[in-house]
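Asks: Would you mind keeping the following structure in view while I ask a few things?
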Amino acid sequence: MNLIEEQKLEIENKLEKEQSNLDLLKERIAKSSQITKGIDTILNTFEQRLSRLEDTILPVYNETENLQKCQYNIERTLQALDNVISYYEVSSAVEDVIEKGPGVVTEGGIELDVYLHSLNRLAIAQKYFEKHIPQSVELDNVTTLFNKGSDKLNSEFKTILDKHNKPMLPVALLNLINNDEDTSNEDVPSTPSPIPEAAKTDLIRMASWLLENGRDEYLTVYGKVRGGVLQRSLTLLRNHQRSVSGGSVHGTAGSPMLRPKFQNRHEPSRRPSTRRLHQVFEKKANRMLLRASQTIEHSTGLTLGTRRASSHLETPYSGEELDSEQEMENYLVCVVALHKLMQVEQSLMKGIIAPTHQPRVFELIVRDAMDTVVQDGENIAARAKRCISRHDFGAVLVIFPILKQLLALKPDFERTIEECDPNVRSKFDSILNTLHATGAKALEDFIESLRSDSVTQLPKDGTVHELTSNVLMFLEQLLEYADTLGRVLADDPGYSLQLDKLKSSDKNKALLGLYIKKVLVQLNHTLLSKSEQYSDVALKAIFRLNNNNYVLKSLQRSNLLELYRISEPKCEQYYYNSIQEHKKSYSYSWSKLLSYIWSVDDSPVNLVHGEKLRDKDRALIKERFAGFNKELEDIAKVQRSYSIPDVELRESLKRDNKEYIIPKYNAFYELYSTIQFSKNPDKYVKYKPDEISAMIDRFFDVAA
């Protein structure tokens, strides 16, 4: 009961408390409603005031804006009027400036900045009249004056170029080539610019203005002027080469590029040529060596064959041949010089000529010079072809050093002209193709000339045929150009098919090895055929022996053998076998001599048993000794005139003769020299074995 009352009391208290809170909330809601009404009244009043303010200010604002627009339009109109008026006045304002022209190099002219500013004013006026009043007189006046000013600017551009159009002197050009190859940086001056920097800056500004205003005549002017400079530079170099080659060994001997940097006053010397031209001069050393070997042969009495002019290999050392070599050297110098000049011109035109127009202008610059170099190359090839037709293959060798150097220069040359017209790019290739074809024809015709050689005269002493020595000399001179010859031979299908069968890491050496094999095989066939003209079997064998031995020794002392082994691994053994075979053939020449003597086993029976000699036996012994003596004397007389230039071969053959003859004769001599077969035995037993040995020692020596 008490619990219920307590709960009831608690509930009443809570109810009372909630009622109090409710009353408080109603009171506050009433106050809030009152405040809301007050704010609403204030806002309504503020809105009414803003509305009245807007009605008052907006017309003023609009009026002010209209006044500002009017002011802006008036200012623009006045400015436009000023501009239009200036367009009408520009002709008279700049006429005096245009008449005087730019004064970059012309006396009394206007500064370039002022002149270009005046031309810009005319250009703007011209565009205005063309757009707005195309039929006006003012347009004609402005256009006439603008064209006149542009022409004068073009003329001034050409005048500046003409002022600085001096060609590069040969000395400077040769030094430029030499400095490019110099590995050290000492005493190597920088290449001076053909046009001073200040003049080049003016040219750049003038060219930029002319191009922007559609006046591109200067591009052609620049190309022709600089092209003429390049051509004159090459002409001066060519004239210089001709002038200094009159009494010298090579055409560039007088140029600074061949002088040492620090030359001894008392010991004049020459600086080596550039590495690119190094091979050009080595052929002269070979020829000097050849002449020296001829001198040695004459002084020692040994000969390598009849020294007559070959019909197809070697011509006498004449001034014509020297000129051909000088032409080769001069041509190579000119090609390298052209490349250097092209690089100089390419560097010079950067900035002056816009990149988009550089290929066309560069083509104008180099076209004539390239044509000249191409023509010179074709002339050399034509001369080589004439030499081929005359079977003068020694003179044709100039083709290969030129081809080698041009192939080495080709990558740099192509980079220089890579953006030029295809016709220009193809000119350098045309030189290479012409020389390539000429070289290929020379190589093939050389073999054909061996096959069809019409010279029938043979050395009377059986020495080395001049054909053999010339062929080996020709092949040795080809060694320096193995890479070049490899490219030439690679185009021949016959060599390509054989190359596939060889195992060689160096394709070019393998191809040259195949060519060497082909030449030597044909040489061997030709010599064998020619040797059939000898009626003397011994002389025929000596001739073949000499030539085979000479080929083998020549191969061994040079790098020819290394290349020959690529195509024919057993080539050396072949020549050894051939030498032995020819020695054996030579030994047959002693058959008749040996037929006069016999061994103990072949002697008559009565002599063996010591029986008394019969008249018939004595006559037989006399006959044998007499026949032996006569045959020996005949052989000695004939074979003394035979020639074997190689000392080792000569002594070996003498030794073989002794080993073949002396033992047999000694047995015969010991058997019959003591027998009384004649009252005058000295008449028949004329030679002792040691005397025959001494006689054989005098073989192959015409002075003995």
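Asks: Quick check: residue separation of Asn433 and Asp162 times 0.36 nm, minus the Cα distance between them. What number comes out in nm?
Replies: Once the chain is fully extended between Asn433 and Asp162, it gains 93.8 nm.
Asks: With the calculation restricted to Cα positions, what are the radius of gyration and Dmax of the stretch 32-150 in angstrom?
Replies: Over the stretch 32-150's Cα set, Rg and Dmax evaluate to 30.6, 99 Å.
Asks: Between rounded, prolate and oblate, where does the stretch 326-367 land on the alpha carbon gyration tensor, with a ≥ b ≥ c its root eigenvalues, rounded for a/c under 1.5, else prolate if a/b exceeds b/c?
Replies: It is prolate, given that a/c is not under 1.5 and a/b is the larger ratio.
Asks: Please tell me which of these pairs span more than 21 angstrom C-alpha to C-alpha: Lys630/Lys688; Lys441/Lys530; Lys158/Lys340; Lys200/Lys350; Lys570/Lys658; Lys158/Lys427?
Replies: Pairs exceeding the cut-off: Lys441/Lys530; Lys158/Lys340; Lys570/Lys658; Lys158/Lys427.
Asks: Moving on to the next point. For Ser155 and Ala80, what is the calculated FRET efficiency with R₀ set at 30 Å and r taken between the beta-carbons, to the nearest 0.05?
Replies: It comes out at approximately 0.25.
Asks: Give the residues of the stretch 323-346 whose amide nitrogen is closer than 11 Å to a point set 7 Å from the Cα of Asn379 in the direction of its Cβ.
Replies: Residues 327-328, 331 fall inside that zone.
Asks: Kirkwood-based Rg over Rh for the stretch 595-697 (C-alpha set), two decimals?
Replies: With Rg and the Kirkwood Rh in hand, the quotient comes to 1.04.
Asks: Hey, another quick one. Once the Cβ-Cβ distance between Lys630 and Glu562 is put in as r, and R0 is 60 Å, what FRET efficiency do you end up with, to the nearest 0.05?
Replies: 0.75
Asks: Collect residues whose amide H, placed 1.01 Å from N in the peptide plane, falls under 5 Å from the amide H of Ile110; neighbours closer than 5 in sequence don't count.
Replies: Close amide H contacts, sequence-distant or interchain: Gly101, Gly103.
Asks: Let me ask you something else. Using r as the Cβ-Cβ distance of Gln346 and Val60, and R0 as 41 Å, what FRET efficiency do you calculate, to the nearest 0.05?
Replies: 0.05
Asks: For the stretch 356-513, how big is the tail of P(r) above 20 Å, as a whole percent of Cα pairs?
Replies: So the portion of pairs separated by more than 20 Å is 59 percent.
Bear in mind that the values in this text are calculations on the coordinates, not laboratory data. What you see is a predicted model, and the numbers here were worked out from it, not measured in a lab. Don't worry about glycine lacking a Cβ; one is built from the backbone with ideal geometry, like all the others, and counts go over all protein chains shown.
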